[in-house]
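Below: the structure, in structure tokens.
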Amino acid sequence: MKRHEPYNKVEGFKRENHITNLMIANVLGLSEASVIKKNIGKSDYYVSEVKKLMRDLNFPLDVFLP
């Protein structure tokens with residue numbers, strides 16, 4: 001499995017806005033473990049997932065960009 005840089009800006013936004021991995025998992029219909037894998041760089045967010053997080057949890061697009 002290809003690794004990429006962790007989503008550090010996502011983690012920072014989560015902390016600042018009191019958003020948990022479980023909240024993200026519920027919005028995306030994933031397990032909490034899957035969300036953790038995405039955030040540490042073992043998996044990636046799909047465009048459709050980013051759109052849901054932007055819509056439902058007010059994530060800004062720039063936290064997903066390098």
Among the residues listed as R15, R3, the single one being of a type in the set (D, E, K, R) and at pLDDT 95 or above | R15
In region 20-56, which residues are over 20 Å from E5 (Cβ atoms) and touching a residue at least 40 places away in the same chain (Cβ under 8 Å)?
-> none
In the set V50, V63, which member is modelled with pLDDT under 95, open to solvent by less than 90 Å² (accessible area, probe 1.4 Å) and either assigned to a loop (DSSP other than H, G, I, E, B) or in contact with a helix residue (DSSP H, G or I) (Cβ under 8 Å, 6 or more places away or on another chain) (or both)?
-> V63
When only residues in region 33-47 that are open to solvent by 70 Å² or more (accessible area, probe 1.4 Å) and within 9 Å of the chain's Cα centre (by Cα) count, which is modelled with the highest pLDDT?
-> I36
When you scan region 13-32, how many residues do you find that are open to solvent by less than 60 Å² (accessible area, probe 1.4 Å), among the hydrophobic types (A, V, I, L, M, F, W, C) and not in a loop (DSSP other than H, G, I, E, B)?
-> 5
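The values are calculated or read from the model by the stated rules, or taken from the named source; none is laboratory data. A quick note: this is a predicted structure, and the numbers were derived from the prediction, not measured. Neighbour counts are summed over all protein chains in view; Cβ atoms, including those assigned to glycine, are modelled from backbone coordinates with ideal geometry. For the accessible areas, the whole protein counts, side chains as well, though only heavy atoms, and no ligand, DNA or RNA atoms are used. Shrake-Rupley method; radii C 1.70, N 1.55, O 1.52, S 1.80 Å.
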